[in-house]
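Every number here is computed from the coordinates shown, using simple stated rules; none is lab data. All values reported here derive from a predicted model rather than from experimental measurement. Using ideal geometry, Cβ is built from the backbone for each residue, glycine included, and neighbour counts are taken over all protein chains shown.
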Amino acid sequence: MKLQCTTIVATLALAGTSMAGKAQILNVPGDYPTIESAVIAANNGDTVLIAAGTYYESDIQLAEFDGTGGKDIVISGETEPDGSPAVTIQVSGIHRAFNDYRSSSHVGEGLIFENLIIQGGGAHYGGGAIRLYNSTASIHNCWFIGNNSSQNGGGALHISYSDIPAITNCRFLNNYTGIQGGAVHVSFNVNVTFENCEFEYNIANYGGALFVQRNSVAVIENCKISNNTTYGEAGAGIYLSETTCYINNSEISNNHTTHWTDGGIGGWKSTLTVDHSTICGNTPDQFGASISYSGEGNCVSDDCVDCPDACASDVNSDGMVDVHDLLYVISVWETDNPAGDINEDGWVDVEDILVLISEWGACP
């Protein structure tokens with residue numbers, strides 16, 4: 001009898017351990033009234049699922065204040081029928097939305113942010129919306145609007161000593177910093193990939209949209225970087241310092257710096273490769289005198305009229321317009337995804353399919 005009871009207790013204990021280790025979905029506001037309370041309750045592998053609406057929250061800590069701990073969780077918002085984010089996190093004052101500051105390099109599944117609009121954030125020390133330090137994180141289908149950072153750069157995102165496998169289908173609009181990286185500041189051994197993202201109307205001293213430095217590697221794929229500004233210094237679109245950058249099938253256009261050169265892409269002591277991209281309309285020039293690049297299939301011009309997109313339907317940049325491109329356009333149907341919006345009318349629909357079919361085959 002004693003042996004039987006012991007066996008039952010052991011079985012229940014193992015079952016409890018199994019249940020405790022199972023990933024949970026924490027609904028906001030269904031289970032938890034705020035995003036912060038759900039994050040505090042979440043364990044590694046859990047998903048914080050946020051219902052549509054506007055949430056007035058700030059300074060949500062994803063690690064302890066001393067940099068220990070840290071959570072590998074998914075923070076996911078509901079979407080509109082067209083796939084755009086239906087969750088807005090409205091931040092006010094000198095606060096950011098999320099802070100993931102870890103005292104040592106992180107090894108694990110990492111954080112995922114998806115389907116969020118973060119606006120109005122402000123921080124003294126980098127990252128008006130999100131700060132990532134010693135992090136592993138991915139960001140998908142998020143909009144960053146009107147965030148700012150007064151020191152250390154990154155009006156929306158500040159990323160240091162981190163591995164960021166993917167920032168995809170994101171929009172960075174009207175973010176500001178008085179230092180470096182109006183939208184995003186990347187520094188110190190970061191690996192980051194931007195894919196299908198838009199950067200517009202961001203402002204900084206260096207790097208109106210994007211600033212990358214100190215042994216980092218940035219990949220920019222199928223992105224549009226337009227109408228960003230630097231006041232006083234260089235690189236209104238992108239500024240690179242002692243780093244490596246690969247740009248493919250992207251547009252960097254109509255960015256403007258008021259003082260130095262480097263209207264489109266500026267920098268120094270960096271390796272830059274640009275393929276199948278359009279660099280045009282930037283003022284006072286397209287590339288700064290201190291930056292050189294290699295690559296092929298580009299259009300570089302002071303006037304964007306000179307750079308029609310000869311193969312806009314090749315959305316995966318493999319030199320062919322084929323079923324892979326068709327399937328991608330279908331996957332972003334009835335959204336404003338910039339890669340799928342082949343005719344650039346602001347919407348992915350049958351008109352884009354017709355253009356794709358007309359360009360079927362090998363690119364010229």
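A few points about this structure:
- The Cα center of the stretch 153-181 and the Cα center of the stretch 317-364 differ in position by 28 Å.
- Simple label model, 7 Å out from Cα along Cβ direction - Ser290 to Lys22, nm: 5.8 nm
- If a spin label sat at a point 7 angstrom from the Cα of Trp360 along the line to its beta carbon, the backbone N atoms of the stretch 316-354 nearer than 17 Å would be those of 320-330, 350-354.
- For the stretch 151-166, 3J(HN,Hα) computed residue by residue from phi via the Karplus equation (6.51, -1.76, 1.60; θ = phi - 60°) reads 9, 6, x, x, x, 9, 10, 10, 10, 9, 6, 9, 10, 10, x, 7 Hz, glycine and proline entered as x.
- Förster-model FRET efficiency, 35 Å R0, Thr283 and Asn189, C-beta, rounded to 0.05: 0.60
- Most simply put, the chain has about 5% antiparallel DSSP beta bridges, counting only bridges with both residues inside it.
- Scanning the chain for DSSP H helices at least 27 Å long along the axis (C-alpha atoms) with a Kyte-Doolittle mean no lower than 0.5 picks out 2-21.
- The H on the amide N of Ile247, modeled in the peptide plane, is under 5 Å from the matching H of Ile220, Thr273, Val274, Asp275, each at least 5 residues off or on a different chain.
- In this rough spin-label picture, where each label sits 7 Å from Cα along the Cβ direction, the Ser301-Thr273 distance is 2.7 nm.
- Between the alpha-carbon centres of the stretch 188-239 and the stretch 115-136 there is a gap of 16 Å.
- Using the average count of surrounding beta-carbon atoms within 10 Å as a protection proxy, the listed peptides 165-176, 70-81 rank, highest first, as 165-176, 70-81.
- Mean Cβ count within 10 Å, highest first, over the residues of peptides 218-229, 346-357, 88-99: 218-229, 88-99, 346-357
- Length gained when the stretch Arg214-Tyr246 is fully extended (0.36 nm per residue, less Cα-Cα span): 10.0 nm
- Ordered by the number of other Cβ atoms lying within 10 Å of each residue's own Cβ, fewest first, Thr273, Thr177 fall into the sequence Thr273, Thr177.
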